[in-house]
Structure formats: structure tokens, C-alpha cells
Amino acid sequence: MNRLSIIFCIVVCYLSLGLFGCSGGQVVPNEYYMIDVNRNAETLKSSHKSIKVLDMSVSRVFDGSNLIYKVGDNRFEKDYYHKYFAEIGAMASKSLVKWLSDSSLFVAVLDSHSLADVDCTLEGHIVELYGDFSDKKSPKAVVSMQFVLLDSLARSRGDLQEWKYTQIVNVTNRSPEGLIDAYNKAFAQIFSSLESDLMQAVSKKNP
């Protein structure tokens, strides 16, 4: 083997180490997860009103594609191999539209892409979304959200309806799959509370 061939082999080896690292020559594939919340409850009496659910915003701290874990006091880590399948706000908004549609509380539940006039508009914001694994024996999913309900006269009257919710759910299976399952349970509990508050809010607005 001549000198040029030896140099070529060395370069290839270094590149292989850089690409495969310590994974034994195997590339670790990414795995993707969905926020997918289903409503399992009886339908409600219709308010005879329509509502539009705007695309939810997410706190910049938690709006990335990677799952996030709290591992100690003020210490967080990103999971670079386990990611969300789509934008967090988009998945949560889609789930909420479906949830409210299944509830039958509103005669129409539209997403932000609709140009139709509606009676109410709902804004949502995800404040916190992380797995608290700081206690290794008792990991938890933490979800905090806030919502604002608007109608055509709300801004001028100054009577915006605003709600904030926080749910902490035990992670029974200490894994990314277990964390996502706990997230879905937390979102379901928040959507259920929101549904109750919306029902009271729209009933007050009915003549």
C-alpha cells in the first residue's frame, strides 16, 4: 500500500468516527411523537354559538422540536433523539378544535385558517411543557396553559375572559413514550377544565 492510500484510509477512519461517534458504528435514529388528545365524555347542550380557535403560541423556552427534561434545580436538558412530530402549538390547537367539536357546546368550531365570522375567538398559550425528572423515583409531566376568550364586543367592554391552568401528571413509564402519554393526560385535564369555563362564559352571554 502506497503512502497516498494510507493517508486516504486514515481520513476515512476519522470521518467515520465523526459520523458515528460512540454508537458502535450505528447512527441513532430520531423518534417522533404526537400531542394527540381525545375527549371521552358525554356531549353538552349547545350554546348555539360559534367559536374560532387560533393557533396556539408556545413560550420560547419550550417551543423547540426536542423533548425537554428538568433534571435538577434550575437544570434542564434537551433530548436530541426524541422529537415532536410537528410544531407543539399546531398539535395542541388541532386537538382542542377536535375536543370542542366533539363536545357539541358550539354549533361550529373553526380553526385559524377559516375566514368565517364567529361569535367568539379563543386564544391559547402554552406557558410550560416539560418532564420533571429531577426526582428519579417520581417523574412528572408539567403542562401550564392560559386562554383568553374574545367576542365582538369584548375589547370595548373590557370584560375579556381569561383562564390559567396547570396540570402535573405522574409519568408511570420512565421513557419518552411515558412522558408523551402523561402530556396527553395533562392536556385532556386542562381541556376539560377549559370546556367547563367556556360553558359558563357563553351561557352568561346568551340572552
Is at least one residue of segment 186-197 modelled with pLDDT under 95 and buried (at least 18 other Cβ atoms within 10 Å of the Cβ)?
no
Across segment 89-99, which residue is surrounded by the most Cβ atoms within 10 Å (Cβ to Cβ) among those that are under 17 Å from residue 146 (Cβ atoms) and aliphatic (A, V, I, L, M)?
92
Count - residues of segment 45-79 that are more than 20 Å from residue 135 (Cβ to Cβ), of a type outside the set (D, E, K, R) and not in a loop (DSSP other than H, G, I, E, B):
6
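Scan the strands (runs of 3 or more DSSP E) fully inside segment 101-183 and keep the ones with 3 or more residues being surrounded by fewer than 18 Cβ atoms within 10 Å (Cβ to Cβ), of a type outside the set (Asp, Glu) and under 17 Å from the mean Cα position of the chain (by Cα). Before you say what the answer is, go through the steps one by one.
Values: elements: 108-111, 120-132, 140-151, 161-170.
The strands (runs of 3 or more DSSP E) meeting that bar are 161-170.
Consider residue 59 carefully, then state whether it is among the small types (Gly, Ala, Ser) and at pLDDT 95 or above. Give the derivation first.
Working: among the small types (Gly, Ala, Ser): yes; at pLDDT 95 or above: yes.
Criteria met by residue 59.
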For segment 140-161, give me each residue that is over 13 Å from residue 201 (Cβ atoms) and either modelled with pLDDT under 95 or among the aliphatic types (A, V, I, L, M) (or both).
141, 142, 143, 145, 152, 153, 155, 156, 157, 158
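The values are calculated or read from the model by the stated rules, or taken from the named source; none is laboratory data. Keep in mind the model is a prediction, meaning the values are calculated, not measured. Quick reminder, even Gly has a Cβ in these numbers, built from the backbone with ideal geometry, and neighbours come from all protein chains shown.
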